[in-house]
Amino acid sequence: MSSFTVKQFVDVLKVKDEIMHAGREYLRQEGFTEILPVILSPITDPLHHDTFDGTVSFYGSPYQLTKSMILHKQIALRTLPSIYSVSPNVRMEPAERASLGRYLAEFVQLDLEMRDASRDEIMEIGEGLVVYVLTKAMERCAPELERLGRRLVIPERPFERITFEDAQDRFGNGFDDRLSASLTAPAWVIDFPRTVREFYDREDPSRADILLDMDLMYPEGYGEALSGGEREHTIPRILKRLEQDGIERERFSQYLSVVEEGVPASAGFGIGIERLTRYVCGLENVQQARLFPKAPGKVGAI
Ligand code: ASN
């Protein structure tokens, strides 16, 4: 990382504070209720990519550190119609990802879910949230952004949509960085193939093996901003998806018991706070976006 002064770091932390404040303001205006995060549970997001195991002993039983609150978000919707959490996630990514500049082994996402929402509806929330946060950050943190040398343009809505297939045709396998570098405004990638995502993202009933999910990509090479989609919420569908992914259902037995009692249809997403701060401030590395950063593979950070 190039030189980064304490003064710059103070400015970044102020911008991050405004980002969180504005995010909460926007979601409250949209009728969301903040719930407290879960950080220990027998169940968590299985994720599609490899991470080291984060199991801890909870009175002798194996509990996991939260990788994302997705399953708890679905269950929380039995109680409240629209929820979000400022959710700490621990994902011990392989060490080589540290050099990419956008991974932290411990990070925080603004993770939200809305009962009976479609993908289009939750994408509207995503666009509204990003535009609101950028607008407020520019209004309230003008001196900080000026000192950081960051000039932002508020993106026009609706954001561009690109299918996974098109993105792959244009930018090849593992297209994230090349696609992001080609963009001048945030853009959606939609319709991921079933085989590259987790069991909980809903398969399109009219297109086998295509999911009703999405990622939002930042422009200028800052990479992925958020991930989400509509959800599988019925037992037959979830069991089928677990089987297709080769996941034993016992691993999710507590979740499956609740789904059997009923969880609502929903859609949602999670947006990483440190990555959003990195984008807003124009930082080289996501480690510059928080205190106590833990880079993948680097032991010793407190
Ligand atoms: N939070 C994401 C979602 O809602 C899941 C994730 O972070 N992997 O889909």
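Which longest uninterrupted range of the chain lacks any trypsin sites (Lys or Arg not before Pro) assigned by DSSP to a loop state (not H, G, I, E or B) and surrounded by at most 15 other Cβ atoms within 10 Å?
On the way: sites that count: Arg78, Arg151, Arg207, Lys298.
After excluding every exposed loop site, the longest remaining stretch is 208-297.
Positive end of the dipole of the stretch 6-289 (Cβ unit charges, origin at the Cα centre): among Gly262, Ser206, Thr234, the Cα lying farthest that way belongs to Gly262.
Structure note, pairs Lys67/Lys294; Lys16/Lys67; Lys14/Lys294; Lys73/Lys136; Lys14/Lys73: Cα-Cα distances above 24 angstrom occur for Lys73/Lys136; Lys14/Lys73.
For the chain, the residue among Val133, Phe164, Phe252 whose Cα projects farthest onto the positive side of the dipole built from Cβ charges is Val133.
Across q = 0.07, 0.08, 0.13 Å⁻¹, the chain modelled as identical point scatterers on its alpha-carbon atoms has Debye log10 I(q)/I(0) values of -0.26, -0.34, -0.95, in the order of the q list.
For Ser206, Ser82, which order do you get if you count the other beta carbons within 10 Å of each Cβ and list the fewest first? Mind showing how you got there, number by number?
On the way: Ser206 6, Ser82 20.
Ranking Ser206, Ser82 by Cβ neighbours within 10 Å, fewest first, gives Ser206, Ser82.
Charge dipole of the stretch 6-289 (Cα centre as origin; +1 on each Lys and Arg Cβ, -1 on each Asp and Glu Cβ, all else neutral): 620 debye, rounded to the nearest 20.
3J(HN,Hα) along the stretch 94-109: x, 4, 5, 6, 4, 6, 6, x, 10, 10, 10, 6, 10, 9, 10, 10 Hz, from the Karplus curve 6.51 cos²θ - 1.76 cosθ + 1.60 with θ = phi - 60°, whole Hz, x for Gly and Pro.
Quick check: Cα centre of the stretch 119-145 to Cα centre of the stretch 1-55, how many Å? The distance from the Cα centre of the stretch 119-145 to that of the stretch 1-55 comes to 15 Å. In order along the stretch 221-236, the phi-based Karplus estimate (6.51 cos²θ - 1.76 cosθ + 1.60, θ = phi - 60°) of 3J(HN,Hα) comes to x, 6, x, 5, 9, 8, 9, x, x, 6, 10, 5, 9, 10, 4, x Hz; Gly and Pro are listed as x. Sorting Phe52, Phe269, Phe164, Phe192 from the fewest to the most surrounding beta carbons within 10 angstrom yields Phe52, Phe164, Phe192, Phe269.
Over the chain, what is the relative contact order in percent, taking alpha-carbon pairs closer than 8 angstrom and at least six residues apart? Don't skip to the answer; put the middle values down first.
Numbers: 574 pairs, mean separation 70.1, N = 302.
Dividing the mean separation by the residue count of the chain yields 23 percent.
Computed from the coordinates by the stated procedures, all read-outs in this text should not be read as laboratory data. As the structure is a prediction and not an experimental result, all values here were calculated from the model. All Cβ positions, even for glycine, are placed from backbone atoms using ideal geometry, and neighbour counts span all protein chains on display.
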